[in-house]
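Scroll down for the structure; my scribbles are underneath it.
The values are calculated or read from the model by the stated rules, or taken from the named source; none is laboratory data. Since we're looking at a predicted model, the values are computed, not measured. No Cβ is skipped: glycine too gets one built from the backbone with ideal geometry, and neighbour counts run over all protein chains shown. These area figures cover heavy atoms from the full protein model, side chains too; ligands, DNA and RNA do not enter into them. Shrake-Rupley method; radii C 1.70, N 1.55, O 1.52, S 1.80 Å.
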Amino acid sequence: MTDIKHLKCLSAVKSMKAVHPLTPAAFPGNHCPMHTALSLGARIKGVSTLVIGTSECGYYSRNIPIASPYAEYGLHWTYILDSKEVVFGFREGIIDAIRAMNAAGAKIILLVATCVPELIGEDIESICYEIQPQIKARLLHIPLGNFKCGSYQPGYWKTLMKLGMVTEKADIKTETVNILGRSALEDHIPMPEIISVLKQQKVPLRFLSPDSSLEDFVSAGDAKISISLSPFMNPLAKYLTKEHDVPFISLHDAYSINKINEAYTVLENHLELKIVRYMKDLKTEADMLHKKAALHLNDTNYIMANTGALQPLPLSVYFSELGMSPIMIHMEEYYPSDVQWSETLLDKDKNPIICLMLNEHADKTIIKSLCPDVVIGDWGGRSEEKPSTVQIMDFYGQVGYERTISLLNRITNILSAPKEGEGHGII
Amino acid sequence: MGLYKTTPPFSGRMGALWCLSGIADSAVVEYGCMGHMAYGRTFLNRMGVLGGKLYSTHIGETDIAMGDTSRLTKVIRQVSETEGIKTIFLLPSSVPEITGIDLNAIAQELSPQFPDSSLIPLSVGGFDMCGHKGTELTLLHLAKVLSKDIARTQSLTFNIIGSCADMYNFLPDAAEIERLVSNTFSANLLCAMTSGTHVSEIETMGGAHFNLVIRREGEAAAKYLKERYGTPYLMARPYGIDGTLDWLTQLEDEFKLQANKEFIRQEYKRTVEQIKVMQTVLSRFLRAHKDESKLTLAGHADVISGIARYGKSAFGFDKTICFSDCTCMNSQDTRYTTDEIKLELAKDGKGFLMGSGELLRMGKRKPNLQIASPDNLWHHAYEPPLVGYRGAVHLATVWANEIMQRD
């Protein structure tokens, strides 16, 4: 089963509706967006959640609040629909549930609506509008039908965008910089250099991510600027720009030396600090590596598999600057910014097949049959010698020249390794 | 249903999926959104289920609007032709339950395209059916559609009915039951429905000499097998030393079997020796601390009643209080574990509490007191059982260690 005629090329993809599974049977497939919305909500101090859906949604998802160190700072309850409510609606039940959570002390309730409430079309938004004046808890409805998307990612960005609605207007801007998409407590991946530079210069940082508190979101409007380190965060960053006049720079999708330099220059000018000069050595190293890699990687074709939290199209645009060509790209979400990235790629004559990889075993056969020089990201053949794999899942939350340097080192090391049975493999 | 502050009860669909998941050489294809199955699969992996392959078709808005079921056809083709799996169970997820997809009709229509595959649809959905009912109906359905007309085996054989992933510790418990029956009666297990079993084993279960039903949800299947193959059955779970001895004696009498008395004597003696000191220490503790002499059990009705009897008779718990995990299993002595009851039990620091991982966590109790799902830990087949002689020793150890918490 290696037929891929059902797939579309990038030029024909304008939303997730046009992104089809590479092979039909999801095994195991992706988590639904409710999972990520809840995992985010449960990890922000002071946020309460109400998952609205079926027993499956309520039962399986209880592991998430259990695993959260901040679960006790909020209420994490479920509202399970019965057969009558599926037919006649659940308006009264959900109003009672909201009142009960309000009475129990919830400060903010994320109403996470799953597939069934979304399908039957109960108007939760208007219920929130109607009941909001009567209760103290702030209600935020997040519609997350799994049938409307290809993966878990809308659970992150839609929740974050909704949380932006609790941000209060600030009359006076402070010197604070919002760091979007990275926790101050995460030590399993290196902290981006730009964060260290800002810390050195005593810039107050506010991290908005899991491990933040509700208060961090409330006060995010007083920031001088936001730095987005994740595609999940860009919708929130844009919202803060629009509603609170907090500009942002997006670093997660900047891979080329020029793009990174531009972003740092904007930041430097905005904060009236010295940033670019602190990055000089890294820039020089990245520049040198880029030139070397471009010579080496020209005409290399690749398949981009599971890149985790890295947005695949901007990464492909950077690879095209190195002369690399994508054969196929796995996309779990089509972000608004992907329109621009897509145009850039098409302008460079790159029109890869776009797909959703949901079955490592079955997808592996097709990936191998397309004979890429290298596979970028996680896939079923990652332990095989050919094609080689470049793992990039651990670049989550990392940005800047240092990420580009690591990326270039990994790819060139892999592709310059001795050919034919002499040491291909993953690093 | 309504509002839940703790884990809500599992659904009929979940009961069906968990039941089917233990059958190797088979596949479950769930028609619906993939998050449904991604979650289910994760849960089952954690429970230690090794069996069928679990696939999802995923569906999009267009499929729902247009009533397009071509994703299902494509997945069946992949599973049947590429993966080579020939027994394929079709399960609806919640969205197709609403849109009214007729899986029976689809299976019928697709069957000619896959002549060497068995497409078996299951209708255990809806939004009101509890998980235990789903388990019951699935066990019955499996007995009906998979078991084949077959002659009684020459050597003594038996089936275990009802060993499914929703029962906490189902794998070790089934292994202990098999060990006891094999050694006592020189009988071989044909099929453990449905833990660690194969399609071929279910097909041959009609050849067994007797069936052991280890939970009430298995009785419908056992009755069907009795009707079709004349196989007698016994519905019971053996807990404690005397409880296990009684159970083995009952098997001997009911099925007119020849028991290996020496094996029983040795097992009994060894178990008594092993728990003796713990029994002395624990019963003395319970006599001295009357306020602690309470054993509260929350879980499957067939599990809690057996453990309660053992605790009371062998260790002298003054009071045993039982709560079932399903409204359909309420009785005079057993109430359903509502949210309020869970919160109350968690708050009550007195006595010995056994229940789900969730309840123990809520009550800040040790995880080895677990006797019910759900929890968030990984499990495997080599954990100590709760049933049988070995289960009796394990329970005694758990309770004896619990004293350390109380001192």
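Against the conditions (1) open to solvent by 10 Å² or more (accessible area, probe 1.4 Å); (2) in a helix (DSSP H, G or I); (3) at pLDDT 95 or above, where does A:His361 fall short? Just the number, please.
If we test A:His361 against (1) open to solvent by 10 Å² or more (accessible area, probe 1.4 Å); (2) in a helix (DSSP H, G or I); (3) at pLDDT 95 or above, just (3) comes out false.
Taking the stretch B:224-241 on its own, how many of its residues are buried (at least 16 other Cβ atoms within 10 Å of the Cβ) and farther than 16 Å from B:Asp173 by Cα?
Result for the stretch B:224-241: 6.
A:Gly397: in contact with a Leu (Cβ under 7 Å, 6 or more places away or on another chain), buried (at least 19 other Cβ atoms within 10 Å of the Cβ) and at pLDDT below 95, yes or no?
Yes.
On the given criteria, is B:Ala16 more than 9 Å from every other protein chain (Cβ to nearest Cβ), at pLDDT 90 or above, out of contact with any helix residue (DSSP H, G or I) (no Cβ under 8 Å at 6 or more places or on another chain) and not in a strand (DSSP E or B)?
no
So which residues in the stretch B:301-329 are within 18 Å of the chain's Cα centre (by Cα) and outside any strand (DSSP E or B), if there are any at all?
B:Ala301, B:Asp302, B:Val303, B:Ile304, B:Ser305, B:Gly306, B:Ile307, B:Asp325, B:Cys326, B:Thr327, B:Cys328, B:Met329
Please note which strands (runs of 3 or more DSSP E) are completely contained in the stretch B:114-225 and include at least 3 residues that are without any contact (Cβ under 8 Å) to a residue 40 or more places away in the chain and either within 25 Å of B:Asp242 (Cα to Cα) or not assigned by TED's automatic domain parsing to the domain that holds B:Leu50 (or both).
B:188-193
Any idea how many residues of the stretch A:131-159 are assigned to a helix (DSSP H, G or I), within 23 Å of B:Ala38 (Cα to Cα) and either open to solvent by less than 10 Å² (accessible area, probe 1.4 Å) or within 13 Å of chain B (Cβ to nearest Cβ) (or both)?
7
Can you give me the number of residues within the stretch B:346-398 that are more than 23 Å from B:Asp246 (Cα to Cα), of a type in the set (Phe, Trp, Tyr) and either away from every other protein chain (no Cβ under 13 Å) or part of a helix (DSSP H, G or I) (or both)?
The number of residues fulfilling the criteria is 2.
So which residues in the stretch A:61-109 are open to solvent by less than 10 Å² (accessible area, probe 1.4 Å), under 16 Å from A:Ala42 (Cα atoms) and in a helix (DSSP H, G or I), if there are any at all?
A:Met101
I'd like the full set of residues that are polar (S, T, N, Q) and within 12 Å of chain A (Cβ to nearest Cβ), limited to the stretch B:84-114.
Correct list: B:Ser93, B:Ser94, B:Thr99.
Filter the stretch A:365-394 for residues that are open to solvent by less than 10 Å² (accessible area, probe 1.4 Å) and of a type in the set (A, V, I, L, M) and give the result.
A:Ile366, A:Ile367, A:Val374, A:Val375, A:Ile376, A:Val390, A:Ile392
I'm trying to understand the selection: among the residues of the stretch A:194-224, which are crowded, with 24+ Cβ neighbours inside 10 Å and assigned to a helix (DSSP H, G or I)?
Within the stretch A:194-224, A:Ile194, A:Phe217, A:Ala220 meet the criteria.
Taking the stretch A:1-60 as the region of interest, how many residues are over 23 Å from the mean Cα position of the chain (by Cα), within 11 Å of chain B (Cβ to nearest Cβ) and open to solvent by less than 50 Å² (accessible area, probe 1.4 Å)?
Going through the stretch A:1-60 one residue at a time, the tally reaches 10.
In the stretch B:84-105, how many residues are touching a Leu at 6+ places or on another chain (Cβ under 9 Å), farther than 27 Å from B:Thr197 by Cα, part of a helix (DSSP H, G or I) and in contact (Cβ under 8 Å) with a residue 12 or more places away in the chain?
The number of residues fulfilling the criteria is 4.
Only one of (1) closer than 18 Å to A:Pro28 by Cβ; (2) within 7 Å of chain A (Cβ to nearest Cβ) fails for B:Ile64. Which number is that?
The failed condition is (1).
Given the criterion outside the structural domain of B:Ala187 (by TED's automatic domain parsing), open to solvent by 70 Å² or more (accessible area, probe 1.4 Å) and either in contact with a Cys (Cβ under 7 Å, 6 or more places away or on another chain) or touching a residue at least 12 places away in the same chain (Cβ under 8 Å) (or both), identify the matching residue among B:Lys269, B:Lys290.
B:Lys290
So in the stretch B:67-83, with the set limited to residues that are in a helix (DSSP H, G or I) and out of contact with any Pro (no Cβ under 8 Å at 6 or more places or on another chain), which one is nearest to the other protein chains (Cβ to nearest Cβ)?
This residue is B:Thr82.
Answer yes or no as to whether B:Glu262 is surrounded by fewer than 16 Cβ atoms within 10 Å (Cβ to Cβ), of a type outside the set (A, V, I, L, M, F, W, C) and touching a strand residue (DSSP E or B) at 6+ places or on another chain (Cβ under 6 Å).
Against the criterion (surrounded by fewer than 16 Cβ atoms within 10 Å (Cβ to Cβ), of a type outside the set (A, V, I, L, M, F, W, C) and touching a strand residue (DSSP E or B) at 6+ places or on another chain (Cβ under 6 Å)), B:Glu262 does not qualify.
For the stretch B:37-57, name all the residues that are touching a strand residue (DSSP E or B) at 6+ places or on another chain (Cβ under 6 Å), at the interface with another protein chain (Cβ under 8 Å from one of its Cβ atoms) and at pLDDT below 95.
Selection gives B:Met37, B:Ala38, B:Arg41, B:Lys53.
Can you find a residue in the stretch A:110-119 that is away from chain B (no Cβ under 14 Å), open to solvent by less than 20 Å² (accessible area, probe 1.4 Å) and under 19 Å from A:Gly89 (Cβ atoms)?
So far as the stretch A:110-119 goes, no, none of its residues is away from chain B (no Cβ under 14 Å), open to solvent by less than 20 Å² (accessible area, probe 1.4 Å) and under 19 Å from A:Gly89 (Cβ atoms).
Please count how many residues of the stretch B:105-135 are modelled with pLDDT under 90 and crowded, with 16+ Cβ neighbours inside 10 Å.
Residues in the stretch B:105-135 being modelled with pLDDT under 90 and crowded, with 16+ Cβ neighbours inside 10 Å: 5 in total.
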